[in-house]
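The values are calculated or read from the model by the stated rules, or taken from the named source; none is laboratory data. What you see is a predicted model; the values in this text were computed from it and never measured. Reconstructed Cβ throughout: ideal geometry from the backbone, glycine too, with neighbour counts over all protein chains shown.
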């Protein structure tokens, strides 16, 4: 049962980040945009039972809850804290799950050239983008590469933050152009 060490505001005024003393996962991110999406995840499903919750994102020692802007944070935080405190801490088998990017590299339909591009892009994102997004309660994953379109998915606080679709996306596209100037980065 993870204990909450602190609660932080994020750049997105509709999202709050819970820092936990124990991990919920080991490197495996979980992101849900609705109660229906979260139905097989007991923690996220319990958080979605609270009115106004629009996104639940968690990985390792932190969890971000996003609301629709209609709830009073002080009341909502008290309700959301209950299932977080009751959640099971990470189990050892969760460490064996791969990330979305690793699964993408195993796609048999990808050419070796595309695999090399994705590895280089993933390394750049891991080094120069993801730590900052995670520090603000969100994350970013590559979800596909088709032709000259690199699809990425923002998670957590970044999923509904206005700066994700402007400044951050522009910076990511600049990094991606170091690997392949013809690629267009598209958020999904």
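Of all residues in region 63-73, none satisfies being more than 19 Å from residue 12 (Cα to Cα) and in contact (Cβ under 8 Å) with a residue 40 or more places away in the chain.
Applying the condition of being loosely packed, with under 13 Cβ neighbours inside 10 Å and part of a loop (DSSP other than H, G, I, E, B) to region 108-117 and asking which residue is modelled with the highest pLDDT yields 111. Restricting attention to region 50-85, and to residues there that are in contact with a helix residue (DSSP H, G or I) (Cβ under 8 Å, 6 or more places away or on another chain) and over 19 Å from residue 3 (Cβ atoms), which single residue is surrounded by the most Cβ atoms within 10 Å (Cβ to Cβ)? Ranking the candidates gives 55 first. State whether one or more residues within region 86-94 are touching a strand residue (DSSP E or B) at 6+ places or on another chain (Cβ under 9 Å), farther than 26 Å from residue 151 by Cβ and either surrounded by 19 or more Cβ atoms within 10 Å (Cβ to Cβ) or modelled with pLDDT of 90 or more (or both). Scanning region 86-94, I find at least one residue that is touching a strand residue (DSSP E or B) at 6+ places or on another chain (Cβ under 9 Å), farther than 26 Å from residue 151 by Cβ and either surrounded by 19 or more Cβ atoms within 10 Å (Cβ to Cβ) or modelled with pLDDT of 90 or more (or both), so the answer is yes.
Scan region 156-182 for residues that are in a helix (DSSP H, G or I) and at pLDDT below 85 and the total you get is 9. Among the residues of region 129-143, those that are part of a loop (DSSP other than H, G, I, E, B) and crowded, with 20+ Cβ neighbours inside 10 Å comprise 136, 137. Going by what's in this entry, would residue 45 be described as loosely packed, with under 13 Cβ neighbours inside 10 Å and either in contact with a helix residue (DSSP H, G or I) (Cβ under 8 Å, 6 or more places away or on another chain) or at pLDDT 95 or above (or both)? No.
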